[in-house]
Amino acid sequence: MILVENYVDGKFITLDEDFDDISPLDFSVIAKIPRTKNVDDAVAAAKSALTNWSELSLDDRCDWLDKIADALENQIHEVARLESLDTGKPMDVALNVDANRSVNNFRFFADFGRTLESQQFKMDDATNYVQRKPVGVVGLISPWNLPLYLLSWKIAPALLMGNTIIAKPSEITPLTAHFLAKLCSEIGLPAGVLNIVNGYGPEVGQAIVEHPEIKAISFTGGTSTGKIVAATAAPMFKKLSLELGGKNASIVSDDADLDVAVPGVLRASFLNSGQICLCGSRVLVHSSIYDEFMSRYLQELENFEIGPVISDEHRSKVISYIELAKQEGGIILAGGNVPDKIGAWIEPTVIAGLSHLSRTATEEIFGPLVTIHKFDSDEEAIEMANSTQYGLAGSVWSKHKGMEIAQKIESGMVWVNTWLHRDLRVPFGGVKDSGVGREGGMWSIGFFSEAVNICVMED
């Protein structure tokens with residue numbers, strides 16, 4: 001049994017009240033989690049540490065990011081083990097996606113910081129000097145599907161720009177955040193720079209969002225929760241970055257290379273049991289290649305390994321959508337059943353025959369359930385892809401028309417002949433109900449800093 005503790009002012013703290021962390025693999029209790037209800041002590045620690053941390057040189061803070069990356073890399077298999085235990089995902093996914101990309105996030109922003117150049121704008125009689133100052137104490141709230149990967153994506157640029165942090169991992173998957181705190185303590189990260197608090201979203205998450213001394217909120221999670229975050233933070237004029245839900249389309253054009261498209265679309269459908277906000281949960285296939293694509297797609301699905309979904313409650317949600325799909329006239333081509341074993345397991349499920357405007361095809365399910373739709377023209381595919389309230393990501397599979405089609409998709413990110421191919425320099429975020437703001441590269445730098453202009457009149 002793991003005892004998860006809060007990490008505040010460089011100290012590990014237990015609370016009188018806690019709750020269980022349950023593994024989706026077999027429903028065993030794997031940890032006790034502190035039930036935090038306020039963040040006053042954490043904010044005080046972060047404020048106290050802010051001046052010294054922000055006054056370090058940029059190169060010194062880059063060095064600290066490298067130290068964190070080194071510590072994680074030295075324990076990479078333990079990070080993956082904890083992530084697999086907490087989320088149920090296969091070890092190879094936990095290692096190659098979660099653990100490795102967490103290391104890469106710290107390494108990238110360390111390198112990126114060393115290349116940052118100050119901006120100057122010359123006038124005839126003056127020079128403008130643009131300086132970037134820290135926002136202050138920032139709140140980082142991350143989801144359960146990619147726990148450390150997405151948390152590190154926020155921590156690294158926030159530290160780089162001289163901020164101090166109050167971080168809240170998901171109450172469902174706290175283990176790797178707690179492990180990160182241990183590593184930061186071991187390498188001597190200054191006390192108060194990174195504070196990690198645990199508990200329920202409506203309690204400690206809300207306390208972070210509404211605390212007057214926390215100047216910015218970066219939140220990744222569901223759209224409904226994002227609305228609550230925005231409603232609370234916006235009147236307080238906090239900086240907000242909201243990466244929310246998705247209902248992404250994978251468009252398979254009539255000129256797609258099926259040797260590339262089939263495994264690519266399958267991976268986009270079911271990686272991490274479909275529990276990635278970027279997953280292609282709607283597969284749109286041109287009618288002329290539909291039969292061949294589906295034959296190969298379903299055949300390869302038979303050998304595609306997935307773990308359980310995150311909880312029994314979430315599995316019930318997925319099952320409810322399978323039942324809804326049947327009511328809406330859907331035809332189950334694969335899956336749809338619950339395996340006879342302990343844990344939050346459900347077969348990867350493929351459903352055809354639904355309208356692209358059906359609830360199953362337009363509402364975010366966030367699980368191993370994919371709907372298949374035929375189209376007869378590129379224009380029809382684009383209309384279908386854009387027919388939801390979401391606009392996070394998508395993919396286009398085409399030898400010759402990928403860029404043309406991608407430019408017409410209403411989403412923040414579109415891949416052509418690939419998926420989840422991430423360059424950390426580019427903007428990450430969605431449109432419509434998929435969020436507000438962008439992070440990644442200079443966009444993260446912009447969010448986690450205040451750009452100040454100093455205009456100097458020349459003699």
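Of everything in the stretch 122-176 that's of a type outside the set (D, E), over 18 Å from the mean Cα position of the chain (by Cα) and assigned to a loop (DSSP other than H, G, I, E, B), which residue is modelled with the lowest pLDDT?
Filtering first and then ranking leaves M123.
Within the stretch 246-259, can you find the residues that are touching a residue at least 12 places away in the same chain (Cβ under 8 Å), surrounded by fewer than 24 Cβ atoms within 10 Å (Cβ to Cβ) and out of contact with any His (no Cβ under 7 Å at 6 or more places or on another chain)?
Passing the criteria: D257, L258.
Any residue at all in the stretch 341-359 that's crowded, with 18+ Cβ neighbours inside 10 Å, touching a Ser or Thr at 6+ places or on another chain (Cβ under 6 Å) and without any contact (Cβ under 8 Å) to a residue 40 or more places away in the chain?
yes
Which residue, of D92, D98, D111, is in contact with a Phe, Trp or Tyr (Cβ under 8 Å, 6 or more places away or on another chain), in a helix (DSSP H, G or I), acidic (D, E) and in the same structural domain as K238 (by TED's automatic domain parsing)? Steps first, answer last, please.
Details: D92 fails: in contact with a Phe, Trp or Tyr (Cβ under 8 Å, 6 or more places away or on another chain); D111 fails: in contact with a Phe, Trp or Tyr (Cβ under 8 Å, 6 or more places away or on another chain).
The match here is D98.
Could you list all residues from the stretch 279-301 that are surrounded by 24 or more Cβ atoms within 10 Å (Cβ to Cβ) and out of contact with any strand residue (DSSP E or B) (no Cβ under 6 Å at 6 or more places or on another chain)?
C279, Y297
When you look at R107, is it buried (at least 19 other Cβ atoms within 10 Å of the Cβ), free of Cβ contacts under 8 Å to residues at least 60 places away in the same chain and out of contact with any His (no Cβ under 9 Å at 6 or more places or on another chain), yes or no? Step through it out loud before you land on a result.
Details: buried (at least 19 other Cβ atoms within 10 Å of the Cβ): yes; free of Cβ contacts under 8 Å to residues at least 60 places away in the same chain: yes; out of contact with any His (no Cβ under 9 Å at 6 or more places or on another chain): yes.
So R107 fits the description; yes.
Determine whether the stretch 361-368 contains at least one residue that is in contact with a His (Cβ under 7 Å, 6 or more places away or on another chain) and surrounded by fewer than 22 Cβ atoms within 10 Å (Cβ to Cβ).
Within the stretch 361-368 (the criterion being in contact with a His (Cβ under 7 Å, 6 or more places away or on another chain) and surrounded by fewer than 22 Cβ atoms within 10 Å (Cβ to Cβ)), the answer is no, since none of the residues qualifies.
Condition (residue is of a type in the set (A, V, I, L, M), in contact with a Ser or Thr (Cβ under 6 Å, 6 or more places away or on another chain) and closer than 26 Å to L271 by Cβ) applied to the stretch 90-110: is it met by at least one residue?
Applying the first criterion (of a type in the set (A, V, I, L, M)) to the stretch 90-110 yields 91, 93-95, 97, 99, 103, 110.
Filter again for in contact with a Ser or Thr (Cβ under 6 Å, 6 or more places away or on another chain), leaving 91, 94.
Okay, now just the ones that are also closer than 26 Å to L271 by Cβ, so 91, 94.
The answer is yes, given that some residue of the stretch 90-110 is of a type in the set (A, V, I, L, M), in contact with a Ser or Thr (Cβ under 6 Å, 6 or more places away or on another chain) and closer than 26 Å to L271 by Cβ.
Can you pull out every residue in the stretch 418-459 that is in a loop (DSSP other than H, G, I, E, B), touching a helix residue (DSSP H, G or I) at 6+ places or on another chain (Cβ under 6 Å) and touching a residue at least 40 places away in the same chain (Cβ under 8 Å)?
Across the stretch 418-459, the qualifying residues are W419, L424, R425, D433, F448.
Is it fair to say G394 is surrounded by 15 or more Cβ atoms within 10 Å (Cβ to Cβ) and in the same structural domain as Y149 (by TED's automatic domain parsing)? Reasoning before the result, please.
Values: surrounded by 15 or more Cβ atoms within 10 Å (Cβ to Cβ): yes; in the same structural domain as Y149 (by TED's automatic domain parsing): no.
Spelling it out, it is not the case that G394 is surrounded by 15 or more Cβ atoms within 10 Å (Cβ to Cβ) and in the same structural domain as Y149 (by TED's automatic domain parsing).
The values are calculated or read from the model by the stated rules, or taken from the named source; none is laboratory data. Just so it is clear, the model here is predicted, and its values are computed rather than measured. As a convention, Cβ positions derive from the backbone with ideal geometry for all residues, glycine included, and neighbour counts pool all protein chains shown.
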